[in-house]
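Everything below concerns the one structure shown next.
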């Protein structure tokens, strides 16, 4: 169990599982971490920015979601394995009518994935590959052997269409873990209902590391509303809403 010290809207202590409950309707939550000085990676990886509290919260957020939406670069770079839940979390999911664990949905334009990785071969629930019509057919066929394939868009993945398809599959509560390119595209398509942003108590320096979004500038800056701030072990956990 992770106990959060709430700083805003007022001091309190809350269990993370209670604090981060999702509404029953379709909802897309993004979860990202950065250093104090804004780096979303260190040495090209996200994992070097995380700590024990951040990892526990990550598992909590996954346990509440129906599907985990991740870009192919993040799956490769972070060495994703099978998405599983602790037995007690799986039991609560069963009571709520959810699958034993969130389904992994990988967004990839070219289906450039290691389909022999444990993320696919040992997944407790069949993963999903989201791609576009321009993807090589032989790679799409190979992916279909180990995952359900969603083709959304012609030359690029049509994220609004892909998200609608996930909703149609009975997966209304989506958790995106990025990476920065996918998050930028989700914001550009106005699909993000909530941003959970963990600020790691590290200063990285330099100018080569990505921000939590890495894409084209929005036509107009998007105004978000700060809902809550939690603190654990010098990490800040901020929740911004549409």
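Rule-based calculations on the coordinates, nothing more; no lab input. Just so it is clear, the model here is predicted, and its values are computed rather than measured. Here the Cβ is made from the backbone with ideal geometry for all residues, glycine too, and neighbour counts use every protein chain on show.
Build a GNM of the chain with springs between Cα atoms under 10 Å apart, and of 169, 191, 14 the one that fluctuates most is 169.
Subtracting the Cα-Cα distance from 0.36 nm times the residue separation, let me have the gained length for residue 203 to residue 236 in nm, one decimal. Mind showing how you got there, number by number?
Values: separation 33, 0.36 × 33 = 11.88 nm, distance 1.40 nm.
Length gained, residue 203 through residue 236: 10.5 nm.
Label-to-label distance, residue 190 versus residue 161, with points set 7 angstrom from Cα along the beta-carbon direction: 2.0 nm.
Taking every Cα-Cα distance in region 2-146 and sorting them into 10 Å bins from zero, the calculated P(r) comes out as 10, 34, 35, 17, 3, 0 percent. Simple spin-label model, 7 Å along Cα-to-Cβ: residue 134 to residue 18 in nm? A separation of 5.0 nm, rounded to one decimal place. Taking label positions 7 Å along the Cα-Cβ direction at both residue 216 and residue 110, the computed distance is 2.1 nm, reported to one decimal.
When you have a sec, figure out the Kirkwood radius of region 142-239 from all distinct Cα pair distances and drop it here in Å to one decimal? 16.1 Å is the Kirkwood radius here.
Comparing Cα centroids, region 162-211 and region 28-77 end up 9 angstrom apart. Going by neighbour counts of Cβ atoms within 10 Å, the residues 187, 237 line up, fewest first, as 187, 237. Length available on full extension from residue 52 to residue 169: 0.36 nm per residue minus the Cα-Cα distance, which gives 38.8 nm. For helix 159-168, report the angle its Cα long axis makes with the longest principal axis of the Cα atoms of the chain; keep it between 0 and 90° and round to the nearest 10°. Value to nearest ten degrees: 90. Computing percent of Cα pairs over 27 Å apart for the structure here picks out one of (1) 27; (2) 43; (3) 33, namely (3). Rounded, prolate or oblate: which fits region 67-206 when a ≥ b ≥ c are the square roots of the eigenvalues of the alpha-carbon gyration tensor, with rounded for a/c under 1.5 and prolate only if a/b beats b/c? It comes out rounded by the Cα gyration axes. Comparing mean-square fluctuations of 66, 148, 12 from a GNM of the chain with C-alpha springs under 10 Å, the top value falls on 12. In plain terms, the residue of 222, 32 with the fewest other Cβ atoms within 10 Å comes first and the most crowded comes last, giving 222, 32.
Among 208, 200, 117, the largest mean-square fluctuation in a Gaussian network model of the chain, built with springs joining Cα atoms closer than 10 Å, belongs to 208. Helix-only arithmetic for the chain: the sum of -39500 (n - 2.57) across DSSP H runs with n ≥ 4, divided by the residue total, places the mean residue ellipticity at 222 nm at -7000 deg cm²/dmol.
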